[in-house]
Amino acid sequence: MASLTIRNLQKRYEEVEVMRDINLDIADGEFVVFVGPSGCGKSTLLRMIAGLEDISAGELRIGDQRMNEVPASKRGIAMVFQSYALYPHMTLYDNMAFGLKLAGKSKAEIDAAVMRAAKILHIDHLLDRKPKQLSGGQRQRVAIGRAITREPHVFLFDEPLSNLDAALRVKMRLEFAKLHDDLKTTMIYVTHDQVEAMTLADKIVVLSAGRIEQVGSPHTLYHHPANRFVAGFIGSPKMNFLAGTVQGFDGDFVQVQLDNGGIQSVAVERGALKAGERVTLGIRPEHLHVVHGSQIIPATVTAQESLGDHAYVYADCPAAPDGLILRVPEEEQYRPGTALQLGADPQRCHLFDASGQALARVKVLQAA
Ligand SMILES: Nc1ncnc2c1ncn2[C@@H]1O[C@H](COP(=O)(O)OP(=O)(O)OP(=O)(O)O)[C@@H](O)[C@H]1O
Ligand SMILES: [Mg+2]
């Protein structure tokens, strides 16, 4: 059993509170990804799970055993760091065998474990080499191989691919997915990379300033972010935010009057929302379109960036202090200074109340 239960976990360095009241359940075999801005506590939480940092308050359980007082070496956890942390003077074989030798395993056991890991990671032909004779991707594989040989109940990965170039990252990302499929071990993975988070995770944990903002599947976080922070953090380029006021209600729709012009309809549950209340409208770049009509968002093009098969148009808009980004087909060209009328499908829009909490989105049945 390698489920994890985290209850009211806190971390303080003297008077600085770094983790506040973390509650999280991770199922056996789950692939969980931690994301959040730099300094939000991702590595600290991982290190607390590993036993490399003390727990200031709260409880960590692995399976049904309390781990707070259990030393790192007895937790059944293997951690892989961004820096690989290989021993430069040892061959790959010895790097991978090191922990097992310390644990007093027999030569035959060590041999079997190292060969199994090396085969999984396609480095079995490199075992006599030293780390400096390897590429970055191969070194990272050795670091992962060393973790596999320990047959941990839980793997922890702290930004394992961030030192690799883009092409190698894609390749290794697929290998992580395969590794998890093969081993079916619980994995917790920290990354700054949106694509890694979206593609690898069964469950993403979004952290901010030592707190959990939301836990959910990639689909849930993308389509139903719980608040403005998560909405702005998940998705690249990020969601557009426009300030406005609730003008009124029309069946399943809330009409939002945007500051300095424009009206957008949003399909969300009304809840306690009242006319006149301040709200923030959220529209992803891929859902914002050039439209024609009277109830639309006025904007002025500032730049266009082409990415081959599509382009991003940047625009100023009085209601959006950070400006707007919309995704358009490559063949559409907009010059700086062009006035645009923008709008979005009401069912693609998000709405946040004055405190930043999202209103639940509703599916509207199409009229026949
Ligand atoms: N030993 C320490 N003493 C005091 N504060 C610390 C210590 N270690 C970390 N912190 C603080 O704890 C917070 C969380 O740090 P942590 O390394 O967990 O962030 P992170 O989310 O992993 O960031 P990054 O994405 O940059 O790796 C930071 O504000 C950091 O300054
Ligand atoms: Mg970190």
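The values are calculated or read from the model by the stated rules, or taken from the named source; none is laboratory data. The structure presented is a predicted model; accordingly, all values stated were derived computationally and were not measured. Cβ placement follows ideal geometry from the backbone for every residue including glycine, while neighbour counts extend to all protein chains displayed. We work out accessible area using only protein heavy atoms, side chains counted, and drop any ligands, DNA or RNA first. Shrake-Rupley method; radii C 1.70, N 1.55, O 1.52, S 1.80 Å.
With respect to T245, determine if the residue is outside the structural domain of Q194 (by TED's automatic domain parsing), surrounded by fewer than 16 Cβ atoms within 10 Å (Cβ to Cβ) and farther than 30 Å from A209 by Cβ. Spelling it out, it is not the case that T245 is outside the structural domain of Q194 (by TED's automatic domain parsing), surrounded by fewer than 16 Cβ atoms within 10 Å (Cβ to Cβ) and farther than 30 Å from A209 by Cβ. If you filter segment 91-136 down to residues that are touching an Asp or Glu at 6+ places or on another chain (Cβ under 9 Å), part of a helix (DSSP H, G or I) and open to solvent by 50 Å² or more (accessible area, probe 1.4 Å), you find that the one that is farthest from L45 (Cα to Cα) is M115. How many residues are within 16 Å of ligand 1 (Cβ to nearest atom) and buried (at least 16 other Cβ atoms within 10 Å of the Cβ) if we restrict to segment 195-213? Looking only at that region, the number is 10. Among the candidates P88, P71, the residue that is open to solvent by 10 Å² or more (accessible area, probe 1.4 Å) and in contact with a helix residue (DSSP H, G or I) (Cβ under 6 Å, 6 or more places away or on another chain) is uniquely P88.
Exactly one residue among D28, D21 is open to solvent by 10 Å² or more (accessible area, probe 1.4 Å), touching a Gly at 6+ places or on another chain (Cβ under 9 Å) and either away from ligand 1 (no atom under 16 Å from the Cβ) or not assigned by TED's automatic domain parsing to the domain that holds E196 (or both), and that residue is D28. In summary, A231 fulfils each of the numbered conditions (1) more than 14 Å from the chain's Cα centre (by Cα); (2) away from ligand 1 (no atom under 16 Å from the Cβ); (3) open to solvent by less than 30 Å² (accessible area, probe 1.4 Å) with the single exception of condition (1). Scoring F233 on the criteria (1) farther than 22 Å from R169 by Cβ; (2) within 16 Å of ligand 2 (Cβ to nearest atom) leaves a single failure, condition (1). Per the listing H192, H180, the residue uniquely open to solvent by 20 Å² or more (accessible area, probe 1.4 Å) and in a helix (DSSP H, G or I) is H180.
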